[in-house]
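The values are calculated or read from the model by the stated rules, or taken from the named source; none is laboratory data. Keep in mind the model is a prediction, meaning the values are calculated, not measured. Every residue, glycine among them, receives a Cβ derived from its backbone with ideal geometry; neighbour counts consider all protein chains shown.
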Amino acid sequence: MLWVLLPVPWSIAAENVPLRTGPHRDVTIAVVEPGVSEVVLTGVSPHFWTAPVDAAFDPDKHTVISFEYFSPSGMESVHLRYRQSDGSMTYAGESAMPIAETWQPFSIDFSEVRPPAPKGDAAFRFHLAFAYKPGSSLRIRNFEVRAPNESERAARVRRDEVRQQRENEAAAILSSLHADFSETISSVTISPESVRVSGDAGKGARLRELLIHESSTSLSAATWVSDEWKGEFSLELPRFADGRDRALSRWRLENGEGKAVSRARWYDSVEAGVTPELPKLTATHQKGLGGIPPIPQPDHVLFELGIRHATINLVLSPMISETPRPGFTPFKVDGREWYANEPFLKGLETTVRHLNAKEVLVSGILLVPNHAGKPMTHPEAEPRGIYAMPNLAEAGGAAHYRAAIHLLAERFTRPDCRIINWILHNEIDQAGVWTNMGDQPLARYLESYVRSMRLVYHTMRLRDSHARTFISLTHHWMKPSFGSGAYTVRPLLDLFGEMASAEGDFEWGVAYHPYPQDLRNPDAWNDRDVTGDFETPYITPKNLEVLPAYLAQPRFLYRGKQPRAILFSEQGFNTPTLSEADQRRQVAGLIYTFRKLPSLPTVEAWHLHRYQDMPDGEGGLRLGILDEHGTRKLGWHAYAAIGTDREGEYAKIADEVISAPAE
């Protein structure tokens, strides 16, 4: 691809290093007049690389990418990355690009994620990606990497202040988590009309109710719900107050100054008459499918695969509205009226009913679109995230989220239309992309996440005594992704488990995504950087047994006895091309994995991602068992055969592929 020389001032100060565009995809770049280039978005993944950066670039000094732009449409956001020496991409920063009907400055400060010094690296480049619809365009000039100006240095100071505030809050969360409290709340029980809180107030304490949007370390705006108690107590409170269901509250003991003297606690149990009787569902095997398409009819071709598990995406924001809209019906939550998107929900209900009728157990993945300014989106989310952490920082956002979860509980805890597992949200260790809450210390991020999970769990358990929630994680284990917004899985899981049990243990599990180490290479049996111990950088099909072994430790057992359930809820094997050889490699990956699964009893399901190839939307990956035109790949026939007397035919293919020398 041709490089396009962008304009450079005649006299370049030492503070500035000019840049040129280089290889690009899903954009066109053309010089439209001297010193001005036009970038037009043409596809779903628009981006360009710079040409190799001039040797004058000093990453300790030049920490801002900038240009001037003209764009009547604007862009949702622009993302900056660079490539590490091992080939992986590091996210380095982002910025929204508002409409500009005159030339406007644009810059991204990447001082916090500086690239390794490229001195002597003649191939070092930056990468810019655009988020907006095809057909949008911008003109740019004066494209450079430079030292920060005065306003950018001031912005860094403000950013540091925000970071320090977040670090202080994270420290308070950890301090509370590890504190020895003098008093205790031992149980919270829900009956049809009351909440019973029991515990020991010691020498004297009052009971405080914490609402959904209040963290367990914050001072609550609510008034105390009791006079001072001493010693052991059991207090019966009305379950409903002003129409609000207090089953979704937490309860905490405080002294007269409002300082916590006990941990907060969610409800532990419900009495007879609260939860409808629904049977516990189990499956005869682990074979499942993700990326489920709409299923309008009971004879859909996917049922030929013989699956017993399925995941469906549940995008929450479109489900409800604060105001009446055509096709929406009213419903009430906590005394407030909302409106349900009936056409949207009817389609989901039809799909779930057809899956249930075929004895397929359904897991729902709860996703919050990252729409800045929308009530359900966390106010600290950055534009780069595809999905966001739900807004449990503000009362209004929490009410939206609560209403959506209540609606799902009403619609999908029925005998003929039932989702039994609830996965939150997506790959939370890759927070920057999949559950964005801004750049956060791990403790502050998880505090919000645990509240989200507990709200879902306790809402569902009021309607289905077998409902469970699952934490969603990538195949990384002790090796995090590069850049901000990424956490290391094992310490994340450790802290999550500690937080989850601190306020009354509940039945959570792990929804893990053990893809091959390299998503483009299906030969997982040759993964080089995985081990069989708890220090492994990744968990892939080669070492699946590591996760069940780790979760078998006593500190993870539910109420000290029951192992945590595991869903391998998203993974698959790429066919780099549609050649017969590559399709045989996909078959080998499937057989290789399913030979291991029967020996892992806590792994309840393995969901193949995906049903159909979507190379344009997944960076060229072909993970499906249908190609993008609907033609069945060899993997389709192999997956249908697994667990039947026809499996041996494909096992022979797998043996031939796996025994072949690695390339």
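Computed quantities for the displayed model
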read-out	value
Residue within segment 49-63 that is touching a Lys or Arg at 6+ places or on another chain (Cβ under 8 Å), within 16 Å of Arg141 (Cβ to Cβ) and either of a type in the set (Asp, Glu) or outside the structural domain of Thr102 (by TED's automatic domain parsing) (or both) present	no
Test: Asp464 is charged (D, E, K, R) and within 13 Å of the chain's Cα centre (by Cα)	no
Unique match (being of a type in the set (A, V, I, L, M, F, W, C), within 28 Å of Phe568 (Cβ to Cβ) and out of contact with any Cys (no Cβ under 7 Å at 6 or more places or on another chain)) among Ala264, Ala310, Ala272	Ala310
Which numbered condition Phe344 misses (of (1) part of a helix (DSSP H, G or I); (2) under 25 Å from the mean Cα position of the chain (by Cα); (3) more than 24 Å from Gly373 (Cα to Cα))	(3)
Members of segment 26-39 found to be assigned to a strand (DSSP E or B) and surrounded by 16 or more Cβ atoms within 10 Å (Cβ to Cβ), listed by number	Val27, Ile29, Val36, Ser37, Glu38, Val39
Residue list for segment 352-375, restricted to those being within 21 Å of Pro318 (Cβ to Cβ) and either modelled with pLDDT under 95 or polar (S, T, N, Q) (or both)	Ser363, Pro369, Asn370, His371, Ala372, Gly373, Lys374, Pro375
Qualifying residue in segment 394-404 (condition: part of a loop (DSSP other than H, G, I, E, B) and not hydroxyl-bearing (Ser, Thr, Tyr))	yes
Selection count, segment 205-235, where residues are among the hydrophobic types (A, V, I, L, M, F, W, C) and in a loop (DSSP other than H, G, I, E, B)	6
Among the candidates Arg528, Arg555, residue that is assigned to a helix (DSSP H, G or I) and surrounded by fewer than 18 Cβ atoms within 10 Å (Cβ to Cβ)	Arg555
Residue match in segment 195-209 (condition: modelled with pLDDT of 90 or more, under 20 Å from Val274 (Cα atoms) and in contact with a Gly (Cβ under 6 Å, 6 or more places away or on another chain))	no
Residues being at pLDDT 90 or above and hydrophobic (A, V, I, L, M, F, W, C) - total across segment 119-137	4
Residue within segment 18-26 that is at pLDDT 85 or above, of a type outside the set (D, E, K, R) and within 20 Å of Ala100 (Cβ to Cβ) present	yes
